[in-house]
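Only one structure is covered here, and it is reproduced in the block below.
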Amino acid sequence: QVQLVESGGGLVQPGGFLRLSCAASGSIFSIYTMGWYRQAPGKQRELVASIGRDSSTNYADSVKGRFSISRDNAKNTVYLQMNSLKPEDTAVYYCNAKFLSALSWGQGTQVTVSS
């Protein structure tokens, strides 16, 4: 099973940007569909973006045009570039790896958008 460690969260002003990273270990990274989810206080965890083995991507409507997901299979890492951040983007962001019935989660990284 793959282990995931997120990094890159923090406090940023509205309109700012952050890049989250998720480093994977323990399995063959390239076979996994990778995703970023987020959970705000009092809300359910929601999919932000995903990237398949073929690098096809999928985004939540709320982040289209602002966020970009990418992967580097040589570095076993998936990234989430977040631009034009809004207060409503504030949440804990989780990395997810999926292959058939196997599912792994990272511990999460806090993103706070506030002036």
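Calculate, for the chain, the solvent-accessible area per residue in square angstrom, rolling a 1.4 angstrom probe over the heavy atoms of the protein chains.
Working: 6060 Å² over 115 residues.
Result: 53 Å² of accessible area for each residue.
Note down the nm distance, to one decimal, between modelled labels 7 Å out along Cα→Cβ at Ala74 and at Asp54.
2.4 nm
Expressed in nm to one decimal, what extension gain is obtained for the pair Ile31 and Trp105 from 0.36 nm per residue of sequence separation less their Cα-Cα distance?
Value of the extension gain: 25.1 nm.
Leaving out ligands, DNA and RNA but keeping every protein chain, what accessible area does Tyr32 have, in Å² rounded to the nearest 10, with a 1.4 Å probe?
Looks like 10 Å² after rounding.
Excluding residues fewer than 8 places away in the same chain, name every one of the aspartates and glutamates whose C-alpha is closer than 15 Å to that of Lys86.
Correct list for Lys86: Asp61.
Taking a cut-off of 26 Å between Cα atoms, list the lysines near Lys98, but don't count ones fewer than 8 places away on the same chain.
Excluding near neighbours in sequence, the set is Lys43, Lys64, Lys75.
The values are calculated or read from the model by the stated rules, or taken from the named source; none is laboratory data. All of these numbers come straight from a predicted model, not from anything done at the bench. Methodologically, a virtual Cβ is constructed for each residue, glycine included, from the backbone with ideal geometry; neighbour enumeration extends over all protein chains shown. Quick note on the areas: whole protein, heavy atoms, side chains included, nothing else; ligands and nucleic acids left out. Shrake-Rupley method; radii C 1.70, N 1.55, O 1.52, S 1.80 Å.
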